[in-house]
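See structure below.
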Amino acid sequence: MKYPKLRELAEAIKAVIKGPYTSSFPAEPHEAHPNFRGQPEFDQKKCLGCLACEEECPSTAITHQDILEGEGAPKRIMIHHTDDCIFCGVCQDACMRETGDEAIRQTQKWELSYFDRSEAYETIEKELQLCEMCGDVIATKDHLVYLAEKLGELSFSSPTLYLARLRKLGLADDNIEAVMKDEGRSDRVKILCAKCRRATATYEDE
Ligand code: SF4
Ligand code: SF4
(Lines give C-alpha, C1' and ligand atoms only; values in the text may rest on other atoms or scores of the structure.)
(Ligands and ions follow the chains in the order given, each with its own letter.)
Protein backbone atom coordinates (compact mmCIF):
# COMPACT_ATOMS: atom_id res chain seq x y z
CA MET A 1 0.00 0.00 0.00
CA LYS A 2 1.26 3.46 -0.98
CA TYR A 3 1.00 6.21 1.62
CA PRO A 4 0.24 9.81 0.50
CA LYS A 5 3.17 12.18 0.57
CA LEU A 6 3.19 14.78 3.31
CA ARG A 7 2.55 17.68 0.90
CA GLU A 8 -0.50 15.94 -0.61
CA LEU A 9 -1.80 15.15 2.85
CA ALA A 10 -1.43 18.81 3.86
CA GLU A 11 -3.29 19.91 0.71
CA ALA A 12 -6.11 17.45 1.42
CA ILE A 13 -6.50 18.67 5.01
CA LYS A 14 -6.47 22.30 3.80
CA ALA A 15 -9.19 21.52 1.24
CA VAL A 16 -11.36 19.87 3.91
CA ILE A 17 -11.05 22.93 6.17
CA LYS A 18 -11.16 25.71 3.53
CA GLY A 19 -13.46 24.06 1.01
CA PRO A 20 -12.69 23.00 -2.58
CA TYR A 21 -10.50 25.05 -4.97
CA THR A 22 -13.03 24.74 -7.80
CA SER A 23 -16.30 26.66 -7.88
CA SER A 24 -19.78 25.26 -8.53
CA PHE A 25 -20.34 27.40 -11.63
CA PRO A 26 -22.87 27.53 -13.31
CA ALA A 27 -24.93 26.38 -10.31
CA GLU A 28 -23.45 29.32 -8.37
CA PRO A 29 -21.88 32.53 -9.69
CA HIS A 30 -18.11 32.31 -10.02
CA GLU A 31 -15.98 35.06 -8.50
CA ALA A 32 -12.79 35.73 -10.42
CA HIS A 33 -9.36 35.93 -8.75
CA PRO A 34 -8.55 39.53 -7.68
CA ASN A 35 -5.71 39.65 -10.24
CA PHE A 36 -7.86 38.35 -13.09
CA ARG A 37 -7.79 40.68 -16.13
CA GLY A 38 -11.09 40.33 -17.96
CA GLN A 39 -13.26 42.33 -20.31
CA PRO A 40 -12.18 45.97 -20.68
CA GLU A 41 -14.73 48.78 -20.29
CA PHE A 42 -14.74 52.39 -21.44
CA ASP A 43 -15.08 55.22 -18.96
CA GLN A 44 -17.50 57.62 -20.67
CA LYS A 45 -16.22 60.63 -18.72
CA LYS A 46 -12.51 60.04 -19.16
CA CYS A 47 -12.52 58.80 -22.77
CA LEU A 48 -11.34 61.34 -25.35
CA GLY A 49 -12.55 59.42 -28.40
CA CYS A 50 -9.01 59.69 -29.79
CA LEU A 51 -9.05 56.21 -31.41
CA ALA A 52 -5.59 55.19 -30.13
CA CYS A 53 -7.07 52.03 -28.58
CA GLU A 54 -8.89 51.17 -31.80
CA GLU A 55 -5.68 51.52 -33.76
CA GLU A 56 -3.75 49.18 -31.45
CA CYS A 57 -6.38 46.49 -30.78
CA PRO A 58 -5.01 43.27 -32.31
CA SER A 59 -8.43 41.68 -32.84
CA THR A 60 -10.29 44.75 -34.18
CA ALA A 61 -12.65 44.50 -31.22
CA ILE A 62 -12.84 48.31 -31.03
CA THR A 63 -14.39 50.33 -33.85
CA HIS A 64 -16.08 53.72 -34.16
CA GLN A 65 -18.75 55.53 -36.15
CA ASP A 66 -18.90 59.28 -36.77
CA ILE A 67 -22.51 60.48 -37.00
CA LEU A 68 -22.58 63.89 -38.69
CA GLU A 69 -26.25 64.15 -39.59
CA GLY A 70 -29.52 63.69 -37.76
CA GLU A 71 -30.72 64.93 -34.42
CA GLY A 72 -28.36 66.64 -32.01
CA ALA A 73 -24.71 67.56 -32.30
CA PRO A 74 -22.30 65.51 -34.45
CA LYS A 75 -20.95 62.62 -32.41
CA ARG A 76 -18.45 59.77 -32.40
CA ILE A 77 -19.65 56.41 -31.15
CA MET A 78 -16.90 54.16 -29.76
CA ILE A 79 -17.91 50.51 -29.98
CA HIS A 80 -16.34 47.62 -28.06
CA HIS A 81 -17.30 44.29 -29.65
CA THR A 82 -17.09 42.06 -26.62
CA ASP A 83 -17.39 38.84 -28.66
CA ASP A 84 -14.16 39.65 -30.54
CA CYS A 85 -12.20 40.77 -27.47
CA ILE A 86 -9.36 38.53 -26.29
CA PHE A 87 -8.79 40.40 -22.99
CA CYS A 88 -5.19 41.18 -23.96
CA GLY A 89 -5.16 44.65 -22.37
CA VAL A 90 -3.38 46.33 -25.30
CA CYS A 91 -6.13 48.98 -25.43
CA GLN A 92 -5.48 49.93 -21.81
CA ASP A 93 -1.74 50.23 -22.49
CA ALA A 94 -2.38 52.31 -25.62
CA CYS A 95 -4.83 54.72 -23.98
CA MET A 96 -3.92 58.41 -24.33
CA ARG A 97 -4.66 59.00 -20.66
CA GLU A 98 -1.92 58.59 -18.06
CA THR A 99 -1.08 55.17 -16.66
CA GLY A 100 -3.44 54.41 -13.79
CA ASP A 101 -6.03 56.85 -15.16
CA GLU A 102 -6.81 55.04 -18.43
CA ALA A 103 -10.20 55.61 -20.05
CA ILE A 104 -10.46 51.92 -20.95
CA ARG A 105 -9.56 49.44 -18.23
CA GLN A 106 -9.80 45.71 -17.81
CA THR A 107 -12.45 44.58 -15.33
CA GLN A 108 -13.05 41.25 -13.63
CA LYS A 109 -15.93 40.47 -15.99
CA TRP A 110 -15.45 37.17 -17.76
CA GLU A 111 -18.89 35.59 -18.25
CA LEU A 112 -19.98 36.85 -21.65
CA SER A 113 -22.69 34.48 -22.89
CA TYR A 114 -25.28 35.87 -25.28
CA PHE A 115 -28.27 34.26 -26.96
CA ASP A 116 -27.85 36.71 -29.84
CA ARG A 117 -24.26 37.52 -30.83
CA SER A 118 -25.30 40.81 -32.42
CA GLU A 119 -25.98 42.10 -28.89
CA ALA A 120 -22.37 41.54 -27.82
CA TYR A 121 -21.12 45.11 -27.82
CA GLU A 122 -20.91 48.20 -25.62
CA THR A 123 -20.81 51.82 -26.73
CA ILE A 124 -20.02 55.31 -25.51
CA GLU A 125 -20.59 58.62 -27.30
CA LYS A 126 -18.39 61.69 -27.62
CA GLU A 127 -19.28 65.03 -29.19
CA LEU A 128 -17.34 65.86 -32.37
CA GLN A 129 -15.74 69.12 -33.40
CA LEU A 130 -16.13 69.89 -37.11
CA CYS A 131 -14.06 72.38 -39.09
CA GLU A 132 -15.94 75.68 -39.12
CA MET A 133 -15.02 76.23 -42.77
CA CYS A 134 -15.24 72.89 -44.61
CA GLY A 135 -17.22 70.80 -42.09
CA ASP A 136 -14.67 67.95 -41.93
CA VAL A 137 -14.19 66.08 -38.65
CA ILE A 138 -11.22 67.46 -36.67
CA ALA A 139 -11.47 65.41 -33.45
CA THR A 140 -13.77 65.10 -30.48
CA LYS A 141 -14.24 68.25 -28.39
CA ASP A 142 -12.83 66.51 -25.32
CA HIS A 143 -9.71 65.48 -27.24
CA LEU A 144 -8.98 69.08 -28.31
CA VAL A 145 -9.46 70.40 -24.79
CA TYR A 146 -7.24 67.62 -23.39
CA LEU A 147 -4.45 68.52 -25.84
CA ALA A 148 -4.78 72.25 -25.04
CA GLU A 149 -4.48 71.52 -21.32
CA LYS A 150 -1.51 69.20 -21.86
CA LEU A 151 0.35 71.74 -23.97
CA GLY A 152 -0.38 74.62 -21.60
CA GLU A 153 0.88 77.95 -22.93
CA LEU A 154 2.23 76.21 -26.07
CA SER A 155 -1.38 75.68 -27.17
CA PHE A 156 -1.63 79.43 -27.90
CA SER A 157 0.24 78.77 -31.15
CA SER A 158 -2.84 76.84 -32.35
CA PRO A 159 -6.09 78.85 -32.55
CA THR A 160 -8.02 75.58 -32.87
CA LEU A 161 -6.68 74.34 -29.53
CA TYR A 162 -6.96 77.51 -27.49
CA LEU A 163 -10.42 78.30 -28.88
CA ALA A 164 -11.61 74.78 -28.01
CA ARG A 165 -10.44 75.32 -24.45
CA LEU A 166 -11.86 78.84 -24.12
CA ARG A 167 -15.24 77.63 -25.36
CA LYS A 168 -15.20 74.74 -22.92
CA LEU A 169 -14.50 77.20 -20.11
CA GLY A 170 -17.24 79.54 -21.38
CA LEU A 171 -14.69 82.31 -21.93
CA ALA A 172 -14.88 82.66 -25.72
CA ASP A 173 -16.43 85.97 -26.78
CA ASP A 174 -19.26 85.27 -29.25
CA ASN A 175 -18.90 88.78 -30.73
CA ILE A 176 -15.22 88.53 -31.52
CA GLU A 177 -15.77 87.00 -34.96
CA ALA A 178 -17.90 89.92 -36.12
CA VAL A 179 -15.26 92.36 -34.88
CA MET A 180 -12.44 90.47 -36.56
CA LYS A 181 -14.40 90.28 -39.81
CA ASP A 182 -14.00 94.02 -40.19
CA GLU A 183 -10.29 93.49 -40.11
CA GLY A 184 -10.53 90.66 -42.61
CA ARG A 185 -9.06 88.04 -40.23
CA SER A 186 -12.11 86.39 -38.68
CA ASP A 187 -10.58 83.06 -39.69
CA ARG A 188 -8.12 83.49 -36.78
CA VAL A 189 -10.95 82.97 -34.31
CA LYS A 190 -12.45 79.88 -35.87
CA ILE A 191 -11.82 76.22 -35.14
CA LEU A 192 -10.37 74.89 -38.38
CA CYS A 193 -8.94 71.63 -39.74
CA ALA A 194 -5.27 71.64 -40.76
CA LYS A 195 -6.12 72.10 -44.46
CA CYS A 196 -8.32 75.15 -43.91
CA ARG A 197 -5.90 76.62 -41.36
CA ARG A 198 -3.13 76.42 -43.94
CA ALA A 199 -5.36 77.99 -46.59
CA THR A 200 -6.18 80.93 -44.31
CA ALA A 201 -2.57 81.43 -43.25
CA THR A 202 -0.93 81.45 -46.68
CA TYR A 203 -1.43 83.73 -49.63
CA GLU A 204 -1.37 82.63 -53.24
CA ASP A 205 0.71 84.73 -55.68
CA GLU A 206 -1.59 86.70 -57.92
S1 SF4 B 1 -8.46 43.76 -24.53
FE2 SF4 B 1 -7.29 43.43 -26.43
S3 SF4 B 1 -8.77 42.54 -27.84
FE4 SF4 B 1 -9.97 43.43 -26.17
S5 SF4 B 1 -10.48 45.47 -26.88
FE6 SF4 B 1 -8.58 45.67 -25.71
S7 SF4 B 1 -6.94 45.50 -27.23
FE8 SF4 B 1 -8.81 44.75 -28.20
S1 SF4 C 1 -7.27 55.48 -26.26
FE2 SF4 C 1 -8.30 55.93 -24.31
S3 SF4 C 1 -9.02 58.03 -24.53
FE4 SF4 C 1 -8.54 57.30 -26.59
S5 SF4 C 1 -10.49 56.49 -27.41
FE6 SF4 C 1 -9.41 54.77 -26.46
S7 SF4 C 1 -10.17 54.70 -24.35
FE8 SF4 C 1 -10.73 56.68 -25.17
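A few points about this structure:
- Modelled this way, with points 7 Å down the Cα-to-C-beta line, the labels at TYR121 and LEU6 are 6.0 nm from one another.
- Partners of LYS46 within straight-line reach, counting lysines whose Cα lies under 24 Å from its Cα and excluding those fewer than 8 residues away in the same chain: LYS75, LYS109, LYS126, LYS141, LYS150, LYS168.
- Shape of segment 62-103, Cα gyration tensor, a/c cut at 1.5: oblate
- For segment 136-150, the Karplus equation 6.51 cos²θ - 1.76 cosθ + 1.60, evaluated at θ = phi - 60°, returns couplings of 5, 6, 9, 5, 7, 4, 5, 5, 5, 5, 4, 5, 4, 5, 5 Hz by residue, with Gly and Pro reported as x.
- Relative contact order (percent, whole number), segment 38-133, Cα cutoff 8 Å, 6+ residue spacing: 39
- Cα gyration tensor shape of the chain, rounded if a/c is under 1.5, else prolate or oblate by comparing a/b with b/c: prolate
- Euclidean distance between Cα centres, segment 1-69 to segment 123-148, Å: 35
- Extension gain for HIS33 to HIS81 (0.36 nm times residue separation, less C-alpha to C-alpha distance): 14.9 nm.
- Top of PRO58, PRO40, PRO20 by mean-square fluctuation, Gaussian network on the chain, Cα under 10 Å: PRO20
- Rounded to the nearest whole Hz, the Karplus-based 3J(HN,Hα) values (6.51 cos²θ - 1.76 cosθ + 1.60, θ = phi - 60°) of segment 41-55 follow the sequence 9, 6, 9, 3, 6, 7, 5, 9, x, 7, 6, 4, 5, 4, 5, with x at glycine and proline.
- Other-chain or far-sequence residues with amide H under 5 Å of ALA139's (modelled H): GLN129
- Ranking TYR21, TYR146, TYR121, TYR114 from most to least accessible surface, computed with a 1.4 Å probe over the protein chains only, gives TYR21, TYR121, TYR114, TYR146.
- Gaussian network model of the chain, springs between alpha carbon atoms under 10 Å - residue of LYS150, LYS190, LYS18 with greatest fluctuation: LYS18
- Residues in segment 67-87 that a label on TYR114 would reach, taking backbone N under 11 Å of a point 7 Å out along Cα→Cβ: 80-85
- The chain - percent relative contact order, Cα under 8 Å, separation 6 or more: 18
- Sum of side-chain charges, CYS85 neighbourhood, beta-carbon under 11 Å (Lys, Arg +1; Asp, Glu -1): -3
- Cleavage-rule hits, GluC sites (Glu not before Pro), segment 27-99, DSSP coil, Cβ neighbours within 10 Å at most 16: GLU31, GLU69, GLU71, GLU98
The values are calculated or read from the model by the stated rules, or taken from the named source; none is laboratory data. Since this is a predicted model, take the numbers as computed values, not measurements. Ideal geometry is used to build each Cβ from the backbone, glycine not excepted, and the neighbour counts take in all protein chains shown. Calculation scope for accessible area: heavy atoms of the full protein, side chains included, ligands and nucleic acids excluded. Shrake-Rupley method; radii C 1.70, N 1.55, O 1.52, S 1.80 Å.
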